[in-house]
Amino acid sequence: MKLHKTYQLTDIASLIDAQIIGDPEFPVTGINEIHKVTPGDVTFVDIEKYYKKALTSDASVVIIDKKTACPEGKHLLVVDKPFNAYNFLAKYFRPPYFNQNGQSANSSIHPSVIIENGAIIADHVEIGEGTVIKANAVIAPHVKIGKRVIIEQGTVIGSDAFYFKKENGKHTHWHSCGRVIIEDDVHIGAVCSIARGVSGDTIIREGSKLDCHIHIGHGVVIGKHCLIAALSGISGKTIVGDNVTIYGQVGIAQNLHIGDGVTIYAKSGVMEDLEAGKTYFGSPTSEAREKMKEYIMLKKLPEIWDKVKRMV
């Protein structure tokens with residue numbers, strides 16, 4: 001998440017009562033989880049084995065739970081509980097929003113947009129020309145929707161990420177301060193859920209079409225002109241290339257890369273990256289032809305076993 005203006009490091013430190021190691025006047029421009037950071041960002045680390053990863057990342061500022069050697073160009077904010085401090089900052093700069101009025105007056109909606117009865121539009125939403133939001137859809141804060149988009153009944157765009165930190169046997173919700181961006185000519189079916197990024201963006205690119213009852217996890221990027229059939233789910237931070245076809249009831253694990261032009265047959269379970277231009281099937285998936293051969297061999301196993309028993 002990029003901040004709406006630049007802050008000095010001392011401003012950030014005062015919000016979380018942190019000790020500064022570094023330049024108090026250093027300009028801070030964003031807050032991001034570790035895999036999303038860019039220069040100017042604040043991130044956090046609270047497990048010593050991950051110190052090196054945080055301190056050598058692109059983040060300029062690291063919230064940390066004890067003093068440690070600080071690499072050149074980095075700045076530390078020392079607090080007892082870095083996760084809590086980070087979560088506080090995320091809520092401070094992008095606070096939770098509760099819509100009690102149906103449609104916000106604090107959004108940018110093109111005059112040609114059609115919004116059916118019962119749809120809810122939150123604050124800080126942008127909706128482009130010719131888009132249709134059907135009945136009982138919910139567009140949460142900080143969602144950007146392009147031109148000629150259709151969002152069917154009951155779909156939720158921008159729900160909180162399913163992202164928790166486990167401490168002392170309990171799960172603490174990680175506040176979602178990211179966005180959802182839907183580009184031009186996208187069609188999203190009824191009763192879908194598109195989660196916002198934890199700190200970055202969930203993106204559905206131009207021309208992609210989603211069937212009903214689909215879940216898109218936090219930080220997922222879906223490429224251009226993809227087709228995704230009903231009851232499929234894509235877990236957080238997975239990247240789907242352009243012109244990908246996903247049949248019904250496919251489940252895709254987190255942090256994967258699905259190459260351009262891939263086809264995934266129904267009921268498949270994807271647990272590793274998929275190479276561009278190929279067709280996949282099964283759970284776990286493999287190339288469709290090879291998987292079909294495996295199934296044919298499995299069907300023949302009883303016959304083969306009977307032959308073996310007769311031989312002995």
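The values are calculated or read from the model by the stated rules, or taken from the named source; none is laboratory data. Just so it is clear, the structure is predicted and the values come from calculations on it, not from any experiment. Every residue, glycine among them, receives a Cβ derived from its backbone with ideal geometry; neighbour counts consider all protein chains shown.
Answer with yes or no whether V78 is over 24 Å from the mean Cα position of the chain (by Cα) and not assigned by TED's automatic domain parsing to the domain that holds I20.
No: the conditions fail for V78.
Please state which one of D306, D260, D242, D273 is among the charged types (D, E, K, R) and not assigned by TED's automatic domain parsing to the domain that holds D185.
D306
Give the residue that is nearest to E129 (Cα to Cα), with candidates limited to residues of segment 167-207 that are in contact with a Leu (Cβ under 8 Å, 6 or more places away or on another chain) and crowded, with 24+ Cβ neighbours inside 10 Å.
My answer is V186.
For segment 244-291, how many residues are outside any loop (DSSP other than H, G, I, E, B), more than 18 Å from L227 (Cα to Cα) and in contact (Cβ under 8 Å) with a residue 12 or more places away in the chain?
From segment 244-291, those outside any loop (DSSP other than H, G, I, E, B) are 245-246, 251-252, 257-258, 263-264, 269-270, 274, 279-281, 286-291; that's our starting set.
Adding the requirement that they be more than 18 Å from L227 (Cα to Cα) leaves 286-291.
Adding the requirement that they be in contact (Cβ under 8 Å) with a residue 12 or more places away in the chain leaves 288.
Qualifying residue count, segment 244-291: 1.
Based on what the data block shows, is S283 at pLDDT below 95 and more than 19 Å from the chain's Cα centre (by Cα)? Steps first, please.
Numbers: at pLDDT below 95: yes; more than 19 Å from the chain's Cα centre (by Cα): yes.
When the stated conditions are applied, S283 passes them.
Of all residues in segment 184-219 being assigned to a strand (DSSP E or B) and hydroxyl-bearing (S, T, Y), which is farthest from M1 (Cα to Cα)?
Among those residues, the one meeting the criterion is S193.
Which ones in segment 39-52 are hydrophobic (A, V, I, L, M, F, W, C) and under 23 Å from the mean Cα position of the chain (by Cα)? Give the steps one after another, and end with the answer.
We begin by selecting, within segment 39-52, every residue hydrophobic (A, V, I, L, M, F, W, C); these are 42, 44-45, 47.
Once the filter is applied, which keeps residues that are hydrophobic (A, V, I, L, M, F, W, C) and under 23 Å from the mean Cα position of the chain (by Cα), segment 39-52 yields V42, F44, V45.
Could you check segment 69-82 and list, in sequence order, the residues that are touching a Phe, Trp or Tyr at 6+ places or on another chain (Cβ under 6 Å) and either among the hydrophobic types (A, V, I, L, M, F, W, C) or within 26 Å of N168 (Cα to Cα) (or both)? Steps first, answer last, please.
Just the residues of segment 69-82 that are touching a Phe, Trp or Tyr at 6+ places or on another chain (Cβ under 6 Å), to begin with: 75, 82.
Correct list: P82 only.
For segment 53-70, state whether one or more residues are outside the structural domain of R179 (by TED's automatic domain parsing), over 26 Å from the mean Cα position of the chain (by Cα), farther than 30 Å from I157 by Cα and not in a loop (DSSP other than H, G, I, E, B).
We begin by selecting, within segment 53-70, every residue outside the structural domain of R179 (by TED's automatic domain parsing); these are 53-70.
Right, trim to over 26 Å from the mean Cα position of the chain (by Cα) and you get 65-70.
Next cut, farther than 30 Å from I157 by Cα only: 65-70.
Retained after the next criterion (residues that are not in a loop (DSSP other than H, G, I, E, B)): none.
Scanning segment 53-70, I find no residue that is outside the structural domain of R179 (by TED's automatic domain parsing), over 26 Å from the mean Cα position of the chain (by Cα), farther than 30 Å from I157 by Cα and not in a loop (DSSP other than H, G, I, E, B), so the answer is no.
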